[in-house]
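Below: one structure, written as structure tokens.
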Amino acid sequence: MKIIKHGKMALIRNPKAIISERGRTIRWQFEMFHGVKKLDKAIDLLPEEDREEFRNFTRTENSYSRGNMFITKSPKIMNEYFEYIFNWLTKCEGIFGFNLEGYGQIRIYTFLAERFLPFWFKKYTKSIEWPVIYHDINKDEKINKKQ
């Protein structure tokens, strides 16, 4: 349903993404679920020194920071990131507002921050990315733990 509602234009603009993972960029994924041109409108509000670089990042990269997770030992880095991101998101409020409906719209500020986080850390810090690993206890292990 989300694809029909928001993703039609994203599919028309980039039909290869259905067949090839190369077309499944951060931008394409965002537009599929949150609407076309919304990411570009938000990017236009970034400081000039990051605007086109982040726009290119969203069109070439396919990995983002789901959940906005990062670890740093430096309160300075954390404060710089939060100051930057909240200044940008405050500007975005002028475009998107708060009268938003539907999951993809209500959480648009979180979704924007998830896409921006890896860009900012790669550009402004010496960072490394670690994969997130999920482990689910299978049914037998659950039964054995109960005994």
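Overview of results
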item: For residue 124, solvent-accessible area (1.4 Å; no DNA, RNA or ligand), Å²; result: 100
item: Sequence-distant residues sharing a close amide H with residue 24 (under 5 Å, placed H); result: none
item: Solvent-accessible area, 1.4 Å probe, carbon plus sulfur percent, for segment 80-124; result: 57
item: Pairs beyond 19 Å (Cα-Cα), from 76/123; 41/126; 41/123; 76/122; 37/91; result: 41/126; 41/123
item: R0 of 22 Å, Cβ-Cβ distance residue 83-residue 130: FRET efficiency to nearest 0.05; result: 0.35
item: Ranked order, 24, 66 - accessible area, probe 1.4 Å, largest first; result: 66, 24
item: Straight-distance crosslink candidates among aspartates and glutamates, where the alpha carbon sits under 14 Å from residue 38 and sequence neighbours closer than 8 are dropped; result: 93
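The values are calculated or read from the model by the stated rules, or taken from the named source; none is laboratory data. Only a predicted model underlies this, so the values are computations on that prediction, with no experimental measurement involved. Counting neighbours? That spans all protein chains shown, and the Cβs are built from the backbone with ideal geometry, glycine included. Calculation scope for accessible area: heavy atoms of the full protein, side chains included, ligands and nucleic acids excluded. Shrake-Rupley method; radii C 1.70, N 1.55, O 1.52, S 1.80 Å.
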